[in-house]
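Below: one structure, written as C-alpha cells.
The values are calculated or read from the model by the stated rules, or taken from the named source; none is laboratory data. It should be emphasised that the depicted structure is a prediction, and the values quoted were computed from it without experimental measurement. Here the Cβ positions follow ideal geometry from the backbone for every residue, glycine too, while neighbour counts run over all protein chains shown.
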C-alpha cells in the first residue's frame with residue numbers, strides 16, 4: 001500500500017497550473033499522461049488533506065472511480081470539490097510522481113513575494129499592495 005502522504009511530501013515546486021472548467025473537469029498535461037493515463041483509462045481519486053491523488057489502483061476500495069476522456073480531462077466529483085472548496089475557474093496545481101497525479105488548489109499569493117494579504121488579481125495572477133506600490137515607483 002502506498003503512503004499518499006509520502007507522495008505529497010515529495011512534491012517540488014508549484015507544479016503545472018490548470019483551471020477547473022465549468023463542468024468540474026481539469027485537463028492533465030499530456031506529458032503527465034503519456035504511457036500511463038489516456039482516453040478511457042479508469043482511475044481512482046483519493047482526497048488527502050487539501051490534495052487529490054489520482055491512481056490507477058483502488059487502494060482498500062476507497063477511491064472514487066473516474067475515467068479520463070479522449071482530451072485528457074478528468075472530472076472531480078461534487079463532494080470532493082465541496083470539501084476542498086474548489087469552484088469553476090479555480091487554478092489547480094498538477095504534479096506527477098511515478099504513476100500518480102496529484103492536484104491541489106492554488107492558494108492566492110503574491111507572485112513576487114508570496115504574501116497572501118491585500119491581494120489584487122490581475123490576469124489570473126496576484127500582487128500584494130506592497131509589491132504593487134514598489135512597482136509603481138520603479
* Asked: So how many residues does region 13-26 have that are within 11 Å of residue 94 (Cα to Cα) and more than 12 Å from the chain's Cα centre (by Cα)?
  -> 1
* How many residues are surrounded by 13 or more Cβ atoms within 10 Å (Cβ to Cβ) and either out of contact with any helix residue (DSSP H, G or I) (no Cβ under 9 Å at 6 or more places or on another chain) or farther than 23 Å from residue 91 by Cα (or both) if we restrict to region 39-76? -> 12
* Tally of residues being surrounded by 15 or more Cβ atoms within 10 Å (Cβ to Cβ) and in a loop (DSSP other than H, G, I, E, B) across region 126-138 -> 0
* Would you check if there is a residue in region 80-87 being in a loop (DSSP other than H, G, I, E, B), in contact with a helix residue (DSSP H, G or I) (Cβ under 8 Å, 6 or more places away or on another chain) and assigned by TED's automatic domain parsing to the domain that holds residue 35? => yes
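I'm trying to understand the selection: among the residues of region 1-24, which are assigned to a strand (DSSP E or B) and crowded, with 18+ Cβ neighbours inside 10 Å? Step through it out loud before you land on a result.
First, pick out the residues of region 1-24 that are assigned to a strand (DSSP E or B): 16-19.
Residue satisfying the conditions is 18 alone.
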* Kindly provide the set of residues from region 46-75 that are part of a strand (DSSP E or B), touching a residue at least 40 places away in the same chain (Cβ under 8 Å) and more than 15 Å from residue 20 (Cα to Cα), ordered by number. => 46, 48, 53, 54, 55
* Structure fact -> Condition set within 15 Å of the chain's Cα centre (by Cα) and assigned to a strand (DSSP E or B), scope region 101-125, selection surrounded by the fewest Cβ atoms within 10 Å (Cβ to Cβ): answer is 105
* To do: Name the one entry in 13, 39, 35 that is within 30 Å of residue 129 (Cα to Cα), out of contact with any strand residue (DSSP E or B) (no Cβ under 6 Å at 6 or more places or on another chain) and not assigned by TED's automatic domain parsing to the domain that holds residue 123.
  => 13
* What single numbered condition from (1) buried (at least 16 other Cβ atoms within 10 Å of the Cβ); (2) without any contact (Cβ under 8 Å) to a residue 24 or more places away in the chain; (3) under 14 Å from the mean Cα position of the chain (by Cα) fails to hold for residue 95? -> (2)
